[in-house]
Structure formats: structure tokens, C-alpha cells
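What follows is a single structure, written as C-alpha cells, with notes after it.
The values are calculated or read from the model by the stated rules, or taken from the named source; none is laboratory data. For clarity, every value in this text was computed on a predicted model and none was experimentally measured. Counting neighbours? That spans all protein chains shown, and the Cβs are built from the backbone with ideal geometry, glycine included. When the accessible area is computed, the model is the full protein with side chains, heavy atoms only, and any ligands, DNA or RNA have been set aside. Shrake-Rupley method; radii C 1.70, N 1.55, O 1.52, S 1.80 Å.
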Amino acid sequence: MIPIEVSSLKKCYGDLKAVDGISFTVNKGEVFGLLGPNGAGKTTTIEILEGLREKDGGDIKVLGLDPWKNGYELHKKFGVIPQEFTFFEKTTPREAIIYYADLFNVKVDPDEILKEVLLEDSAKVNFDNLSGGQKQKTGLALSLVNTPELLFLDEPTTGLDPNARRAIWDVIRGLKAKGKTIILTTHYLDEAQQLCDRVAIMNHGHIVAMGTSDEIIAQHGSGERLEIHGTEQLAHYIKANTELQVEYDRHRSVISIPLKQKIDALAALAAAEQSKMDWGEIQTRRDSLDDVFVKLVSGRVDEHGEITIENDESKSRQT
Amino acid sequence: MVSGKRIFSDFKVFSRGYLRNKFGLFFGLIFPVILILIFGAIFSGNSSGTINVYTQNQDTGPFAAPQMDVASQFLNALNSSTTIKVITVDVSENFSKYLADHSSSDGIIIPENFSANYLAGHPVNLTVYGNPASSSSGIVSGTVNGYANYFNLNYFQRKYNDTTPAIIGITSATVNTQQTKYIDFLIPGLIGFSILVSPMFSLVNISSEYKKTKLFKQLSLTPLTKMEWLASKVLWYIVLTIASFLLMVGVGIFAFGAHVALTVWLIPFLVLGPMLFASLGMLVGTVTKNPETAGVIGNIVTFPMMFLAGTFFPISIMPTYLQSIAHVLPLFYIVEGLNNVMVYANYMGAIIDLAVVAVITAVIFVLAVRLFKWRED
Ligand SMILES: Nc1ncnc2c1ncn2[C@@H]1O[C@H](COP(=O)(O)OP(=O)(O)OP(=O)(O)O)[C@@H](O)[C@H]1O
Ligand SMILES: [Mg+2]
């Protein structure tokens, strides 16, 4: 059974189409990432899948069931960290785990779960005295109490320091190794690249790109480029003396040359040398998921859900 | 469907959290006791002052000259004493009933033709009502005796220069009305206050905060049901109310010598009361959009009850329009019921109050559970 199937899901708040006809599936054992700027509709989508909000249109199946109607049975089978997880102030992580185990009527060893999420040291600290990272880890611990097959993690690492983020990544990798299906949202593209098998980038309620990060980069990113640190004059010189396409970024003083083939780099460098002008560092690079993300979400979504990328004059300029 | 085990685990977590929060403990347990101490101290000064004595003067004359009205002179003399304040009761009143209605046991009846008989030297009897168990009755009968002796002396000194026979005699009448002191009535009132305040404020706050911080959504993803959640809160506030009740009664009795009856009849009030106000708080938190609005609405609902339901002073001293307002406040029936049980031993009255409270509680509880939403829709 496919754990999550979504087709043409819609949710409106008044005139606002928070989720506007999105479709995707998440396969068993997969870590699926939902990316997108603030207000893109990630939390709305996730909470509809959790059965916390009612959809306005489309079809969804979570573990084969309708989460709004069959929520009570479904909740026993999945685990959740909500965005900005909070808990009872005067309760410790250890007590919280025991409480959840009682509610779910399962036998667990609280210390084992605490160890799994690297929270043994603060097991007996009241929730209101925990740091942001420890609070998130508590949320993660609670989502594991009922040994779920499916996990919804809404921004599990937002606001955490790099160490705490890596600690949570380790936990998520551990869960993936155990074959759990995970759907997570994040604003960190490195996180998505590190953890997710596939990602979907959402913007204004639409999915604007979906696939592995390599697929998305290949589809929406530019190819390899040569970047030369130098003056605008040099850029003009190279353009005049080669067949190459040349762009100049004034802010960074970088000449950028898309490479149709690797040998193009030699021609560009030869022209630069020939000019007798000064030039600095050189490098070749490709669009990262970051670059593609910025391109995709600063573009506008037209009525067909296609994005049109606006040419941002200040960023790069044809010479 | 409802699981006792889940209610109990939620109860455990909630009560532990409550006990770790000094603020809640202060308002739940210590604050009502402080109120008893303050109000008890303020009003206990009263009891060392003059005693109100209800007096029915049946000797209405007519008198040939004002000096012939010995009855009035006798009462004026009594009134000028430091211990007694004479309060006149109209002759048309049924005296015993009047005493009972005014929760008093101290009274004097002056018979018809008292003055004429006194002046003629015929023996006359005053009837002094009193409760042998009450210290004030001892003071009253002592004072009346003293003045009767004085009047007797006066008569014989004037007439014969002799002191032997007595003209004014005294007949005692026993009254069983327990004289209620302010503290006796303050205890049920403040118990009502604590039944209202702790569960109400707490649930308004919790239910609106949990909604805002999405804790309810979080709980909705567990097998706990909203009914179980509310039940566990109600249970905790019943426990807290009973603890607070015992503390307040203890302080009232030991610090101020309060006379309150402790019977099983109190239990239904101590159970239904917290249930009613926890549910009402829940309802307020549920129907409002955010914690700020919830706080305001909560105060609007709570404050009139806090002062007008007979908590700090009996509603009988309030103007009638305020009394009619008091009758629509749920807390009024709890305080009245507690008074009926603890002070007046009026169980018929208590049953009626209990019935009213039970109906209101059932309605509010059902409404709260129905309208309260774990998740949004
Ligand atoms: N209950 C609600 N009532 C009205 N509008 C809502 C509600 N919930 C969400 N929205 C709106 O729907 C849009 C999508 O919100 P959502 O929380 O799904 O975004 P998100 O992608 O999770 O953003 P973030 O990255 O900031 O968490 C936003 O414009 C938000 O204002
Ligand atoms: Mg969100």
C-alpha cells in the first residue's frame, strides 16, 4: 500500500487558496520533503494529511484511509511533530513519554526513546526550562512512542543551532534506516538535500517542482558555468573575442559564462589572458538546489500552475 | 469508549504540573484562607460590642403622664447600658417567629399593663428569651436582671424605704435559634468563592492557551478524547476544592470559633461546583477566538458571581434589584446550598439548591464537551 496519495488537493481560507490543487505520492520507506517559502501551504497540506483540517477538494489517502473521517484509528499508526511544538510547561520529557505510552496503551522503555533522540541529559527538566532544540527533540520522542510506520515532521529543525540540527538529522536517518516513511517540511535546502529522497517545492499553494534534488536542478537549473572575478571591460572583451555567451554580475564583479562544453572554458580563459587585463579567482559551478529554489519561488505562478521566471536586473545582466 | 485509564494518566500529568506551579497552588489553596483570615479578623471585632436584643413592648398604655410609662423608661435604661442594644419589634409580630427569622436568640417581652402594675405595686413578669448555649444570652439575662433589681429597689425606696419584695420578676424562655456570627456565614461564602475562582480562571486560561499553542491538536492525535480530557480537569478541581474546603473550615473553626455543620450533604456541592465552573471556563475558552478575548469574557462572567452571589456578604443586605440579579447566578445556588447545610440545617432548602445546581452543571458540561473542538474545521 502507498502510504500517502494526494491528488488535486485544495484548501481555501476565504479568497486565499492556501493549497491549490496539488498531487503527489509518498512511497513506503521514503523520506519526502516539502519545501517552500512562508505561507506556501506546507503546514496546511500536512495538517490535512494528519486529519487536523478538512480538505475543500481533491482526494487523499493516508495508509489507505481518509484522515478526516478515520482520524481516530489513523492516529495510532502515525507520529507527528507539529510546527513550533509545545507541551505542558511543568512536565519533563520522561514524564511526557510515559504519559503518551499510557494514552496509546503501549509498553515502552522511556529511557530507550530518550537515548534514541539524544535527550537523556535533560530527561528530568521541566518542558519550560528546555532549550529550543531539547523541546524539538521532546516532540520527536513523543512522535515515536507509538512506534509509527509513518511520520509527519513539520519544520523539525527550525531555530536550532547547527549541532542540534545535525543531531536531529541523525535521528531521522536512523528512522529511515528502520524503513519508516517520513514526510518533512523545512526551510533549509541543505537539510532537504541531506535527508530527503525526493522533494516537492511549493509556492502559493502549488507544487512548482518535484523529484530528487538532482532531477530538480537538472530540470530547472542552468548547466555548468565558468565564473571569472574581473571587470566589466574584461567581460566585454571576452564577449567580443569569442563566440561565447557572457553575463556580468556587477555586485559580485563576476563574469559568468555558461559552458555548452567544457572546452569553452579554455577559449574564455585564453581571451582573458590575451586582454592583458587583471583578473582574479576562477571557478566552475552549477546551480545548487538553493539557486533553483530562489529562481522558482521568486517567479510568478500563472493560472496553469506554470512558473514564469522574472528577469531580475540587479542580479545578472546580459552584456 | 471513555477510558478510566486515560483519564487517570491525564489526571496524573495535570495534577503534577499544577502542584509544581507555585502560582496555581497559591490561588487554589492559600488565597481563600488568607481571605478568611482577613475578613474574619475585620468582622470579629463586632462580637465584643453590644448585643442586639429584640424587644416587644406590649404595654401600650394609655398613660396619664409620660412618667407613668415605666416600660419605656425600663427599655431606655437597658439601651443605655454598654452591653445591650434594644431593637423594637412591633406588637403585631409573632415574637418567636420574628427571632427565628432574624437568626437571633436574644429577646425581651414586656407584658400589657406592665407600668400600671409596677406603679400599683403588683408583681409583673418580663419574659427574657435566650439560648443557654450562647454566651450572648448569658450577658443579656445578666443585664436585664441587674436593671430589674434597680427598678425594684427604686420602687421600694420611694414607697417604704424597704427592699424585701420584688415587683418585677423574670421568666426565662429558651430559644433554639443559633445565633449566626459573620464568620459562620463567611465560611460557606468563601468556599463558594474558591469553588468558582480556581476552576473557572484556570480552565478559561488553559483552554484558550492550548488552542493557541496547538496543544489541543497535539492531544487530538493521541487516543485521549476531549471528554476524557475535561473529565480529568474536573476531577482535579474536585480534589483541589475538597482540600481547600478542609483548610478553610479548619481555619474558621480554630481561628474564629465558627459554628458550621459538616455533613455528607456538603459532598454533592463540592463535586458539582468544580464540575460546573471547570465546564463553564472550558466553554468560555472554546467560544472565544484568542486568550485575550477569553480572559475578558471570563472576567465578565466571573466577577458578578464573585461579589453578588453571597460570597462576602449575605444577599439579604443587598437592594432587591441586586438580589434578583443574584438569583440568575449559578454560584448563588451553591453558596445558598452551603449555607443551608452548614449554618441553617435547612435540608429542604439545600435539596432545591442542589437540584438547580445539578441541572445547570449538566447543561454547561454537555455544552462544553459539544462545542469544544480538538481540531479545526
Ligand atoms: N486557519 C487559517 N485561517 C486562515 N488562513 C490560514 C489558516 N491557516 C493557514 N492560513 C493561510 O494559508 C496560507 C498557507 O499557510 P501554511 O501555514 O500552510 O504555510 P506554510 O507553508 O506552512 O508556511 P511556513 O513556512 O511559514 O510555516 C498562509 O497564507 C496562511 O496565512
Ligand atoms: Mg508551516
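Every residue, every condition in (1) over 16 Å from the mean Cα position of the chain (by Cα); (2) open to solvent by 10 Å² or more (accessible area, probe 1.4 Å); (3) of a type outside the set (Ser, Thr, Tyr); (4) within 15 Å of ligand 2 (Cβ to nearest atom), yes or no:
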residue: A:LYS17; (1), (2), (3), (4): yes, yes, yes, no
residue: A:SER23; (1), (2), (3), (4): yes, yes, no, no
residue: A:VAL26; (1), (2), (3), (4): no, no, yes, no
residue: A:VAL31; (1), (2), (3), (4): no, no, yes, no
residue: A:PRO37; (1), (2), (3), (4): no, yes, yes, yes
residue: A:THR45; (1), (2), (3), (4): no, no, no, yes
residue: A:LEU52; (1), (2), (3), (4): yes, no, yes, yes
residue: A:GLY57; (1), (2), (3), (4): yes, yes, yes, no
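Can you tell me which condition B:LEU331 does not meet? The list is (1) surrounded by fewer than 21 Cβ atoms within 10 Å (Cβ to Cβ); (2) in contact (Cβ under 8 Å) with a residue 40 or more places away in the chain, and all the others hold.
Failed condition: (1).
So, in region A:242-276, exactly how many residues are open to solvent by less than 80 Å² (accessible area, probe 1.4 Å), closer than 20 Å to A:GLY223 by Cα and not in a loop (DSSP other than H, G, I, E, B)?
Going residue by residue through region A:242-276, those that are open to solvent by less than 80 Å² (accessible area, probe 1.4 Å) are A:242, A:244-249, A:253-259, A:264-265, A:267-272, A:275.
Now narrow it down to the ones that are closer than 20 Å to A:GLY223 by Cα: A:242, A:244-249, A:254-259, A:264-265, A:267-269.
From what's left, not in a loop (DSSP other than H, G, I, E, B): A:247-249, A:254-258, A:264-265, A:267-269.
Within region A:242-276, residues that are open to solvent by less than 80 Å² (accessible area, probe 1.4 Å), closer than 20 Å to A:GLY223 by Cα and not in a loop (DSSP other than H, G, I, E, B) number 13.
Taking the options B:ALA255, B:ALA261, name whichever one is away from chain A (no Cβ under 14 Å), assigned to a helix (DSSP H, G or I) and more than 24 Å from B:LEU19 (Cα to Cα). Before you say what the answer is, go through the steps one by one.
Values: B:ALA261 fails: assigned to a helix (DSSP H, G or I).
The match here is B:ALA255.
Check whether at least one residue in region A:220-241 is more than 16 Å from ligand 1 (Cβ to nearest atom), in the same structural domain as A:GLU116 (by TED's automatic domain parsing), open to solvent by 60 Å² or more (accessible area, probe 1.4 Å) and not hydroxyl-bearing (Ser, Thr, Tyr), and report yes or no.
Scanning region A:220-241 turns up no residue that is more than 16 Å from ligand 1 (Cβ to nearest atom), in the same structural domain as A:GLU116 (by TED's automatic domain parsing), open to solvent by 60 Å² or more (accessible area, probe 1.4 Å) and not hydroxyl-bearing (Ser, Thr, Tyr).
List, please: which pairs have Cβ atoms under 6 Å, are six or more places apart or on different chains, and start with a residue in region B:242-269 that is in contact (Cβ under 8 Å) with a residue 40 or more places away in the chain and end with one that is part of a helix (DSSP H, G or I) and open to solvent by 40 Å² or more (accessible area, probe 1.4 Å)?
B:PHE256/B:SER44
Kindly indicate whether B:ASP90 is part of a loop (DSSP other than H, G, I, E, B) and buried (at least 17 other Cβ atoms within 10 Å of the Cβ).
Values: part of a loop (DSSP other than H, G, I, E, B): yes; buried (at least 17 other Cβ atoms within 10 Å of the Cβ): no.
Taking the combined requirement at face value, the residue does not satisfy it.
Across region A:1-15, what is the number of residues that are touching a residue at least 40 places away in the same chain (Cβ under 8 Å) and either open to solvent by less than 30 Å² (accessible area, probe 1.4 Å) or within 8 Å of ligand 1 (Cβ to nearest atom) (or both)? Lay out the reasoning, then the answer.
Kept after step one, since they are touching a residue at least 40 places away in the same chain (Cβ under 8 Å), are these residues of region A:1-15: A:1-12.
The next check asks that each one be either open to solvent by less than 30 Å² (accessible area, probe 1.4 Å) or within 8 Å of ligand 1 (Cβ to nearest atom) (or both); those that pass are A:3-4, A:6, A:9, A:11.
Selection size over region A:1-15: 5.
Report yes if A:PHE127 is assigned by TED's automatic domain parsing to the domain that holds A:ASP170, surrounded by fewer than 23 Cβ atoms within 10 Å (Cβ to Cβ) and either within 16 Å of ligand 2 (Cβ to nearest atom) or modelled with pLDDT of 95 or more (or both), otherwise no.
Values: assigned by TED's automatic domain parsing to the domain that holds A:ASP170: yes; surrounded by fewer than 23 Cβ atoms within 10 Å (Cβ to Cβ): yes; either within 16 Å of ligand 2 (Cβ to nearest atom) or modelled with pLDDT of 95 or more (or both): yes.
Criteria met by A:PHE127.
Pick out the one residue from B:LEU25, B:LEU37 that is within 14 Å of chain A (Cβ to nearest Cβ) and surrounded by fewer than 16 Cβ atoms within 10 Å (Cβ to Cβ). Full working, then the answer.
Details: B:LEU37 fails: within 14 Å of chain A (Cβ to nearest Cβ).
Selected residue: B:LEU25, the only one of B:LEU25, B:LEU37 that is within 14 Å of chain A (Cβ to nearest Cβ) and surrounded by fewer than 16 Cβ atoms within 10 Å (Cβ to Cβ).
If I filter region A:147-170 down to residues being within 19 Å of A:VAL108 (Cβ to Cβ) and over 17 Å from the mean Cα position of the chain (by Cα), which single residue comes out as farthest from ligand 1 (Cβ to nearest atom)? First the steps, then the outcome.
The first filter runs over region A:147-170 and keeps only residues within 19 Å of A:VAL108 (Cβ to Cβ), leaving A:147-151.
Keeping just the survivors that are over 17 Å from the mean Cα position of the chain (by Cα) gives A:147-150.
Values: A:THR147: 27, A:PRO148: 21, A:GLU149: 24, A:LEU150: 19 Å.
Once the filter is applied, the top-ranked residue is A:THR147.
Could you tell me whether any residue of region A:62-74 is β-branched (Val, Ile, Thr), crowded, with 22+ Cβ neighbours inside 10 Å, without any contact (Cβ under 8 Å) to a residue 40 or more places away in the chain and under 26 Å from A:GLN193 (Cα atoms)? Lay out the reasoning, then the answer.
The first filter runs over region A:62-74 and keeps only residues β-branched (Val, Ile, Thr), leaving A:62.
Still in the list and also crowded, with 22+ Cβ neighbours inside 10 Å: A:62.
Next, from what is left, pick out any that are without any contact (Cβ under 8 Å) to a residue 40 or more places away in the chain: none.
No, region A:62-74 contains no residue that is β-branched (Val, Ile, Thr), crowded, with 22+ Cβ neighbours inside 10 Å, without any contact (Cβ under 8 Å) to a residue 40 or more places away in the chain and under 26 Å from A:GLN193 (Cα atoms).
Given the criteria within 14 Å of chain A (Cβ to nearest Cβ) and open to solvent by less than 40 Å² (accessible area, probe 1.4 Å), does B:LEU190 qualify?
Details: within 14 Å of chain A (Cβ to nearest Cβ): no; open to solvent by less than 40 Å² (accessible area, probe 1.4 Å): yes.
For B:LEU190, the condition - within 14 Å of chain A (Cβ to nearest Cβ) and open to solvent by less than 40 Å² (accessible area, probe 1.4 Å) - is not met.
What number goes with the only condition from (1) free of Cβ contacts under 8 Å to residues at least 24 places away in the same chain; (2) open to solvent by 40 Å² or more (accessible area, probe 1.4 Å); (3) within 14 Å of chain A (Cβ to nearest Cβ) that B:PRO62 does not pass?
(3)
Would you be able to tell me the number of residues in region A:70-116 that are farther than 19 Å from B:LYS12 by Cβ and at the interface with chain B (Cβ under 7 Å from one of its Cβ atoms)?
Number of matching residues: 5.
Residue check: is A:GLY79 more than 16 Å from ligand 2 (Cβ to nearest atom) and within 23 Å of the chain's Cα centre (by Cα)? Break it down stepwise before answering.
On the way: more than 16 Å from ligand 2 (Cβ to nearest atom): yes; within 23 Å of the chain's Cα centre (by Cα): yes.
Yes; evaluated as a whole, the condition is true for this residue.
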